[in-house]
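All remarks here apply to the structure that follows.
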Amino acid sequence: MPISLHPTLAALLPRLQLVQDCWHLLANSNGLDRREHYLPRGEREPESAYRRRAETALPSGFFRDALRTFAGMLASSHWRELPASLQAVISDVDGCGTDLGVFLEAADLLVLRDGAALVGVIPPVHLWPSEGDRQQALRNGDRLSLPRLLLIERGDVLHWHLPGNHALPDAITWRERRPDALSPSNQTAPPQDHPPHPWQYLTTSLVGDGPGGAGMELSTETLVADPQAPSGWRTQRLDQRHYRGINQLPAIWYASHGAAFGEGELPHLGLAHQYLNHFRCQSDYQELLYRTALPVGVRTGVQGPMGGAGSAGEPVVLGPNSVIDLPEGASFQFVEIQARSLAEHRAWLESLDQGMRRDALIPAAAQGAPRTAMEISMAASQAYALLQSQAIQKASMFSSLLQHWCAITGEALPVPEGPALTVEISPLAPAPKPQPTVSEMLQLQERGIISEQALRQWLGDLAGIAPASA
């Protein structure tokens, strides 16, 4: 393959694929089923039985719903002041009709799922010889005369180059779906010997000198079939553009823990493993229910064909008008299968469900075992700390995003009072219950609802005095 992968991404791909499959309900991004990849086939299990078991194993949406809950909390954000050009296209920031708030929420989801995402600003496609021509094009509603925001999944950021430690990249390569590969017209076109490659590869890099002067280059390539190449493919350049005056790549590595470019751990990898365990156990449980749903007919006292000397028993056909004639001493009855492991599987499923909720940091679950106020408070504090850290990263990313936008458009960066983006994260712990008054406690003791010893204990705790021993 002519397009190489960065070693950091290559080492992360298996774990990244796992969380993405859990997000897509154990299917890849193209919708192809991957349940068989996570549901191993039993030893000597017939192919037909395995296919039926895989088709009836239905994954839940818990993993995706948990991440959407966190992203919904981060979506409570407000920007103070935007550049005039960005405000004019606030309902179409990426050239595809995406609102700015929806764009930021989608970035939060990718960061929570993959640990990081690439957010960039692509310069305008239409370049004009003068500022007057550009302003006239903007008044005519030319969207391509303004920059557009770009959101790239971590798995699609293929390669990058850092000139030094703790430095920003000077070259980034990522992939995007080719528009012609997704158009409906291509679906009815006659089949080709070599269909077009579904991806196009974009590389942006800084250049110090060249025909166009110092700035940034953006090239677009794709792969075409080539039987002479060792890999069977060769690169073909589709477009190349040069932008003067850009001395820093307009790209931001939006990570969950403020990691360096290309780095970042997967914050919910443990939850993904719990999700897979729950899926497999649920599949085994459904298979047991399928095997033990009906009682089994047992015929005793029959050695051959209805009492004969043969070794094979005669098949029993049951129907609404069937009559079974049995010889003397023989019997026929339905026997319930005990299936003691059903209860064990059910208990293990409940344990896995509670474990997933703990890993998802859900402070108060409507389903599952009740928890004490201390456990709920600790889980809420942990979730609040995670969200608060993510909110700081989001505000920093948004400030950098505005700087890159204004550097491309030439506008003055707004200087609001305070941060450009504020994210409101409300405490997740339940509000403390109001303490009863002394008169209320005395009334409860007089009515016999609480004992005198409990009243003394409460008064001692209120006054900070240890109760006297009897």
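The values are calculated or read from the model by the stated rules, or taken from the named source; none is laboratory data. These numbers come from a predicted model, not from an experiment. Quick reminder, even Gly has a Cβ in these numbers, built from the backbone with ideal geometry, and neighbours come from all protein chains shown. Calculation scope for accessible area: heavy atoms of the full protein, side chains included, ligands and nucleic acids excluded. Shrake-Rupley method; radii C 1.70, N 1.55, O 1.52, S 1.80 Å.
A few notes on this one:
- Peptides ranked, highest mean first, by Cβ atoms within 10 Å: ranges 157-168, 266-277: 266-277, 157-168
- Backbone HN-Hα couplings from phi across the range 10-26 [Karplus 6.51/-1.76/1.60, Hz, Gly and Pro as x]: 4, 6, 8, 4, x, 5, 5, 5, 5, 5, 5, 5, 5, 5, 8, 6, 6
- For the range 22-74, a crude dipole built from +1 on the beta carbon of Lys and Arg and -1 on the beta carbon of Asp and Glu, taken about the Cα centre, is about 60 debye to the nearest 20.
- In this structure HIS78 has an accessible area near 90 Å², from a 1.4 Å probe over the protein heavy atoms.
- When peptides 448-454, 31-37 are ranked by their average number of other Cβ atoms within 10 Å per residue, the highest-first order is 31-37, 448-454.
- One decimal place: the segment HIS166-GLU47 gains 37.5 nm when fully extended, by the rule 0.36 nm per residue minus the C-alpha distance.
- Per residue accessible area in Å² of the range 26-90, where ligands, DNA and RNA are left out and the probe is 1.4 Å: 57 Å²
- Estimated at the nearest 10 Å², the accessible area of SER91 is 80 Å² with a 1.4 Å probe.
- Estimated from the Cβ-Cβ distance and a Förster radius of 56 angstrom, the FRET efficiency linking ALA54 and LEU442 is about 0.25.
- Sorting 52-59, 247-254 by average packing, meaning the other beta carbons within 10 Å per residue, from highest down gives 247-254, 52-59.
- Distance between the 7 Å Cα→Cβ label points at ASN277 and THR8: 3.0 nm.
- Selection of trypsin sites (Lys or Arg not before Pro), the range 69-155, meeting DSSP coil and at most 13 other Cβ within 10 Å: ARG80
- For the set TYR384, TYR285, solvent exposure ranked by accessible area (probe 1.4 Å, protein chains only) runs largest to smallest as TYR384, TYR285.
- Distant-in-sequence amide contacts of ALA27, defined by a placed amide H-H separation under 5 Å and a gap of 5 or more residues or a different chain, comprise ARG34.
- Interchain or long-range residues, amide H under 5 Å from TRP233's placed H: ASP226
- Largest to smallest accessible area among ASP239, ASP209, ASP142 [probe 1.4 Å]: ASP209, ASP239, ASP142
- For the range 20-73, averaging the sequence separation of C-alpha pairs within contact (under 8 Å, six or more residues apart) and dividing by the residue count gives a relative contact order of 36 percent.
- Whole-percent carbon and sulfur share, accessible surface of the range 241-292, 1.4 Å: 45 percent
- The phi torsions of the range 127-141, fed into the Karplus equation with coefficients 6.51, -1.76 and 1.60 and a -60° offset, translate into couplings of 10, 10, x, 9, 5, x, 5, 5, 5, 5, 5, 5, 5, 7, x Hz, rounded to whole numbers, with Gly and Pro shown as x.
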